[in-house]
1. In nm, what is the difference between 0.36 nm times the number of residues separating A:Glu331 and A:Leu29 and their Cα-Cα distance?
2. For chain A, what is the charge dipole size about the Cα centre, in debye to the nearest 20, if Lys and Arg each add +1 at the Cβ and Asp and Glu each add -1 at the Cβ?
3. Express as a percent, rounded to the nearest 5, the fraction of DSSP beta bridges in segment A:127-284 (both residues included) that run antiparallel.
4. What does the extension gain come out to for A:Ala266 and A:Ala318, with contour length at 0.36 nm per residue minus their alpha carbon separation?
5. Rounded to whole Å and ordered largest first, report the semi-axes of the equivalent ellipsoid of segment A:94-200 derived from its Cα gyration tensor (root of 5λ).
6. Would you look at the GNM of chain A, springs on alpha carbons closer than 10 Å, and say which of A:Val197, A:Val371, A:Val158 moves the most?
7. Just want the ordering: A:Glu102, A:Glu55, B:Glu62, from fewest to most Cβ atoms lying within 10 Å of their own Cβ.
8. Report the residue, chosen from A:Gly219, A:Gly52, A:Gly369, that carries the largest GNM mean-square fluctuation when chain A is represented by alpha-carbon nodes joined by springs under 10 Å.
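Read-outs throughout are calculated quantities, based only on the coordinates presented, and are distinct from any laboratory measurement. If you're wondering where the values come from, they're calculated on a predicted model, not measured in any experiment. Neighbour counts run over all protein chains shown; Cβ positions are idealised from the backbone, glycine included.
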Amino acid sequence: MPVTGRVVLDAGGGAPLLPAARTAFLAALDEGWADPRRLHSEGRRARALLDGAREAIAAAVGARTQEVDLAPSHTAALHAAVSTVALGRRRTGADVVASAVERAAVLNAADFAAARGGGARVTVPVDRTGSVDDEAFVAALARPGVALAALQHANGEVGTLQPVEVVHAAARAAGVPLLVDAGSSLGHVAVGDSWDVLAADPADWGGPPGVGVLVTRAGVRRSPDRPQDEDRWFPGGVAVPAALAAAVALEAALADRDEADAARRALVGRLRARVPERVPDVDVAGPDEHRLPHVLTFSCLYVDGEAIVTALDEAGFAVGSGSACTSSALEPSHVLAAMGVLTHGNVRLSLPRGTTAADVDRFADALPGVVGRVRQALGVGDL
Amino acid sequence: MVDARGLLCPAPIIRLARAARTLPAGTVVTVLATDPAAAVDVPAWARMRGHTVVETRRETTEDGDHLAVAVLLGSSAGTGQVS
């Protein structure tokens, strides 16, 4: 029987909803539809669900419930983390230290917050594997005038785990709060406790869209920079069903994290070996070890990124790309650029839980033909 | 000299690779490009093909700014595909 189903290999920041999360979301629509700020029974029931969600998320990351704030999105959580901590520490300084491969939301927020306070973003380079130069990072955050530093737990485009332990120890010694973006890590690998502010993305671990997580350790100074609201850090609050489903999805993801890690790590390892064997002139990004289990990125020489994404889609595969020609921006992925990896012909894979060996083998079987046809159409077969 | 100004990725690299195919190893070929991806992709192509970037500079003409990258061709030059 021919296999014709879709194979989704682009789950980063938008994984298929886990079944437990879907059930919780629907139940919360019935039980928690009311405004959690109201004092009647219905409102209090919604409030209890919301508080339960925060409590579960707090337990999952090793924090106290009151340290957890829920945001309308991962981007909003990152923006608020950078801008409110920078504002809270404006008397100390206005510079923001960040690795070159942080999410665009962090880099843009760093530029915004630094400019507002008369400081600058200090960008720390990475090596060819995407790992930040920890000595340069430590030196940068130890200089006077730093409001905060931001280092991702792992890079969601190429999978590289960052040296957050050593950087956090140095940040603590320097008295500089460290924001760790775990938006591609939480639910997939152990995130640890080397952070002062932690951001995470429920949509990445199989929760619903429309909610983000920000955890701020007691003692980190921050100031709100929005109009006053009962929800101080994210005015207006978040949807109760999304919050509950995010927490339930996280518990489900953590319950089978190690199994999902082993299964997907093996599949990505298989692809890491097979892709360059079967497709000539491929630049595989990221480290072999010390990486996220489910992420793989590679670039095909002389291939147009939009053409390969479209051709793979027609062949049944949903993949991402960091090539300039696949976004409205003219600039290619700043992550690939910082690493010196070929930016055109880029294919970015992020395997959702439950991806099978058959899915990955189908992809590995289809890829050489797809790349070959794109190269033939461009007339570059002889190069 | 390969003038790839105004072309978008991967066209500048394809032009450069075509030129390299016809030139002997040891030649220095300079590519001009306005595509921002070229700043990364020319060195990445050179690394993958065994060539060496010898100089990278920004130049300004009456047509605007562009990048000029000089590449010293290695032994894969002049022979087409090398696996």
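1. 104.6 nm is the gain from fully extending A:Glu331 to A:Leu29.
2. So the dipole magnitude of chain A works out to roughly 820 debye.
3. Once the DSSP bridges in segment A:127-284 are tallied, antiparallel ones form about 50 percent.
4. Difference between extended and current length: 16.7 nm.
5. Equivalent ellipsoid of segment A:94-200: 20, 15, 13 Å, largest first.
6. A:Val371
7. Taking fewest neighbouring Cβ atoms as first place, the list is B:Glu62, A:Glu55, A:Glu102.
8. Comparing A:Gly219, A:Gly52, A:Gly369 in the GNM, the peak value goes to A:Gly219.
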